[in-house]
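Below is one structure, written out as structure tokens; the observations come after it.
What follows draws every value from the coordinates through simple rules; no lab data is involved. All of these numbers come straight from a predicted model, not from anything done at the bench. Glycine gets a Cβ as well: all are built from the backbone with ideal geometry, and neighbour counts include every protein chain shown.
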Amino acid sequence: MADIIVEDTRWNDVNLDAMCDTTFDVVLFDLNLSSEWNIGVLACDDAKIATLNAEFRDKPTPTNVLSWPAIDLAPDTVGDMPDAPQTDVFGDNELGDIAISYDTCMREAVAQNITMIDHTTHLLMHGLLHLLGYDHETDADATLMEGMESRLLEKMGIKDPYKDE
């Protein structure tokens, strides 16, 4: 399912393989999607993700997670559910790629007083939802995507990152 390239070895200390497997399984199962989808994950640092952010989003700064969907599943109407991806009988079931930065994830986890594992799980989920056509560019789309994240994270025993306490 997840094809992980670890460029920053600090990721080896947080069992990223298991986090990807668990997170992706929870999301795909909840959406009644096949677990046969392939997802590329680049586990990198701020320098690499800043380069990618500059190249693909024209923002030369680090960010926590980036995603590149292989299929355009975005809905035609703002606030609607994205289309469900359809598996390919020939096995070419690529959902897309996610890049995640250790530096930014750790910095944000510390600032939010949450564990690196919980924050990384949330960001992997966030990236996967982008691959599945979810977005947060409009208020309606953000409400849908954040609601999905909150509900799924709760299932995983992780505090809602969008709820002020």
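Pull out the extension gain between Asn15 and Ala47, defined as 0.36 nm times the separation in residues minus the alpha carbon to alpha carbon distance; nm, one decimal. Walk me through the intermediate numbers first.
On the way: separation 32, 0.36 × 32 = 11.52 nm, distance 2.17 nm.
Roughly 9.4 nm would be gained on extension.
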Next on the checklist: Less than 13 Å Cβ to Cβ from Thr63, Lys/Arg counted +1 and Asp/Glu -1: what total charge do the surrounding residues give?
Outcome noted: -2
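Please state the charge dipole magnitude for region 2-155, taken about the Cα centre, from unit charges on C-beta atoms (+1 on K and R, -1 on D and E), reported in debye and rounded to the nearest 20.
Details: 7 positive and 31 negative charges, 89 e Å.
Charge dipole, region 2-155, about its Cα centre: 420 debye, nearest 20.
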Item to check | Ordering of 60-68, 126-134 by packing [mean C-beta count within 10 Å, highest first] | outcome: 126-134, 60-68
Checklist entry - Hey, in the GNM for the chain with a 10 angstrom Cα cutoff, which one of Asp135, Asp83, Asp13 fluctuates hardest? => result Asp13
Next on the checklist: Semi-axes of the equivalent ellipsoid for region 42-120, please: Cα gyration tensor eigenvalues, times 5, square-rooted, ordered largest first, whole Å.
Outcome noted: 28, 16, 14
Item to check | For Ile4, distant residues with modelled amide H under 5 Å away | outcome: Val41
Checklist entry - Which Rg and Dmax, in Å, describe the Cα atoms of region 65-165? => result 14.6, 48
Item to check | Potential lengthening between Asp92 and Trp68 on full extension [0.36 nm per residue; Cα-Cα distance subtracted] | outcome: 7.0 nm
Next on the checklist: Going Cα to Cα from Lys48, which lysines come in below 28 Å? Please leave out same-chain ones fewer than 8 positions away.
Outcome noted: Lys59
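Less than 14 Å Cβ to Cβ from Tyr102, Lys/Arg counted +1 and Asp/Glu -1: what total charge do the surrounding residues give?
Values: positive: Arg10, Lys48, Arg107; negative: Glu7, Asp8, Asp13, Asp45, Asp46, Asp103, Glu108.
That sum, taken over residues with Cβ under 14 Å, equals -4.
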Checklist entry - Between His126, Ala109, Thr143, whose Cα lies farthest towards the positive end of the dipole of region 101-150 when Lys and Arg beta carbons carry +1 and Asp and Glu beta carbons carry -1, centred on the Cα centre? => result Ala109
Item to check | Antiparallel DSSP beta bridges within the chain, as percent of all bridges there, nearest 5 | outcome: 30
Next on the checklist: To make sure I understand, if each residue's beta carbon is the centre and we count other beta carbons within 10 Å, what order do Ile98, Ile114 fall in, fewest to most?
Outcome noted: Ile114, Ile98
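Report the gain in length on full extension from Arg151 to Glu36: 0.36 nm times residue separation, minus Cα-Cα distance, nm rounded to one decimal. Write down the numbers at each step before the final one.
Working: separation 115, 0.36 × 115 = 41.40 nm, distance 2.30 nm.
Between Arg151 and Glu36, full extension yields an extra 39.1 nm.
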Checklist outcome for this item: So the pair-distance distribution of region 2-155, from every Cα-Cα distance in 5 Å bins, comes to percents of 2, 9, 18, 23, 22, 16, 9, 2, 0, 0
Item to check | Karplus-derived HN-Hα couplings along region 11-16 (A = 6.51, B = -1.76, C = 1.60, θ = phi - 60°), whole Hz, x at Gly and Pro | outcome: 5, 5, 7, 10, 6, 4
Checklist entry - Applying the Karplus parametrisation 6.51 cos²θ - 1.76 cosθ + 1.60 with θ = phi - 60° to the phi angles of region 145-157, what ³J(HN,Hα) value in whole Hz is obtained for each residue in order, glycine and proline being reported as x? => result 5, 5, x, 4, 4, 4, 5, 6, 5, 4, 4, 8, x
Item to check | Least to most buried among Phe90, Phe29 (fewest other Cβ within 10 Å first) | outcome: Phe90, Phe29
